[in-house]
Amino acid sequence: MSTLPPDLFDATTLVSLTAVVVILGAAYTLSRATLASNTPGPLRALFIWHAFDALIHFVLEGSFLYHCFFSVADAGSAHYPDPENYLGAKGVVHGAQAGGENPFARLWMVYARADRRWGGVVSLELLTVFVVGPMACLVCYDIAKKNPRANVLMIMLATAELYGGFMTFCPEWLTGNINLDSSNFMYLWVYLVFFNMLWVFIPFYAIYIASTDILDAFKVRSVFLERKKLT
């Protein structure tokens, strides 16, 4: 049986996990303050999810992106080297690994224990912060305003999340998971499986709910056109 790392439940880890719970609580509170009391359960759940999604992208992944561009350290301290010619800099590294005692940098270094790529630079976060985050906000707005456009946006957003997840992990699967550490329950089932599979199962659910509503609208239109022919 492998020995558990001594820092598995250190203060930074506990604060990081608590931050995720606080963000979820903020999303739920926003739903209570924004949605009408007669909002269907599935739409209420999807509002909470997209609010949570947006906050994760803006707060946590936004901080990650900040460190990718503005935190710099000597290359000798690298946990994960910068891509070749990243920002044209030589002999230095960027990312959470260069963030020192910054709380958000330390948070990402906790996650990097399970997936070391997140100690350095990951360009995918440009899309999550600047595209996916605003789209998630727009979905919440449309759900609150009962705008059917939310269905189209949810399908687009869910597809982007699923594709992003595949492109994040498929290269690892094909190269023997060299950057992943699954040596204990926390790294494997909490960091790698749970926190990433949320962005698989819930997007599929969003596609199901949105597609059902769109197909129902087409059925109503078909019935209307049929009746119009008969008159």
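Bear in mind that the values in this text are calculations on the coordinates, not laboratory data. If you're wondering where the values come from, they're calculated on a predicted model, not measured in any experiment. Cβ sites come from the backbone with ideal geometry, for glycine too, and all protein chains shown count toward neighbours.
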(request) Scan the chain and report its longest stretch carrying no trypsin sites (Lys or Arg not before Pro) that are both in a DSSP loop and have at most 16 other Cβ atoms within 10 Å. (result) 1-89
(request) Name the long-range amide H neighbours of residue 92: under 5 Å, sequence gap of 5 or more, or other chain; modelled H, no Pro or chain starts. (result) 75
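What does the helix-only formula give at 222 nm for the chain: each DSSP H stretch with n ≥ 4 adding -39500 (n - 2.57), the total divided by the residues, and the result rounded to the nearest 500 deg cm²/dmol?
Values: 7 runs with 131 residues, N = 231.
-19500 deg cm²/dmol, from helical runs alone.
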(message) Spelling out what I want: for every residue of the stretch 35-44, take phi, set θ = phi - 60°, compute 6.51 cos²θ - 1.76 cosθ + 1.60 (Karplus), and round to whole Hz; glycine and proline get x.
(response) 7, 5, 5, 8, 5, x, x, x, 5, 4
(request) Provide the per-residue ³J(HN,Hα) series for the stretch 120-131, in order, calculated from phi with Karplus coefficients 6.51, -1.76, 1.60 and θ = phi - 60°, each as a whole number of Hz, with x at glycine and proline positions. (result) x, 10, 9, 6, 4, 5, 4, 6, 5, 7, 9, 10
(request) Among the aspartates and glutamates, select those whose C-alpha is under 12 Å from the C-alpha of residue 228, and discard any that sit fewer than 8 residues away in the same chain. (result) none
(message) Can you work out the Karplus-derived ³J(HN,Hα) for every residue in the stretch 224-231? Use 6.51 cos²θ - 1.76 cosθ + 1.60 with θ = phi - 60°, whole Hz, and x for glycine or proline.
(response) 4, 5, 5, 5, 5, 5, 7, 9
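As a footprinting exposure proxy, order 128, 231 by other Cβ within 10 Å, with the fewest listed first. Walk me through the intermediate numbers first.
Working: 128 24, 231 4.
Going from least to most buried by this count: 231, 128.
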(message) Using only Cα atoms and rounding to the nearest 10 degrees, what angle (0 to 90) does helix 133-144 make with the longest principal axis of the chain?
(response) 30 degrees
(request) Assign unit charges at the C-beta atoms only (+1 for Lys and Arg, -1 for Asp and Glu), then state the dipole size of the stretch 11-230 relative to its Cα centre in Debye, rounded to the nearest 20. (result) 1060 debye
(request) Give the cross-link partners of residue 146 among the aspartates and glutamates, using a straight C-alpha distance below 13 Å as the criterion and excluding same-chain residues fewer than 8 apart. (result) 213
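Relative contact order (percent) for the stretch 11-230, with alpha-carbon contacts under 8 angstrom and 6 or more residues of separation? Before the final figure, lay out each step's value.
Details: 235 pairs, mean separation 41.5, N = 220.
It comes to 19 percent, rounded to a whole number.
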(request) Report, to the nearest 10°, how far helix 149-174 tilts away from the longest principal axis of the Cα atoms in the chain, using its own Cα long axis and a range of 0 to 90°. (result) 30 degrees
(message) Can you tell me which lysines have their Cα less than 25 Å from the Cα of residue 145? Leave out same-chain residues fewer than eight positions away.
(response) 219
(message) If Rh is defined by the Kirkwood formula over all Cα pairs and Rg also comes from Cα, what ratio Rg/Rh do you get for the chain?
(response) 1.07
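Dipole magnitude of the stretch 124-196 about its Cα centre, charges +1 at Lys/Arg Cβ and -1 at Asp/Glu Cβ only, in debye to the nearest 20?
Values: 3 positive and 5 negative charges, 87 e Å.
That gives a dipole near 420 debye.
In the stretch 116-174, what GluC sites (Glu not before Pro) fall in a loop by DSSP, with at most 13 other Cβ atoms inside 10 Å? It would help to have the intermediate numbers written out before the result.
Values: sites: 125, 161, 172; in loops: none.
Passing both the DSSP loop test and the Cβ count: no residue.
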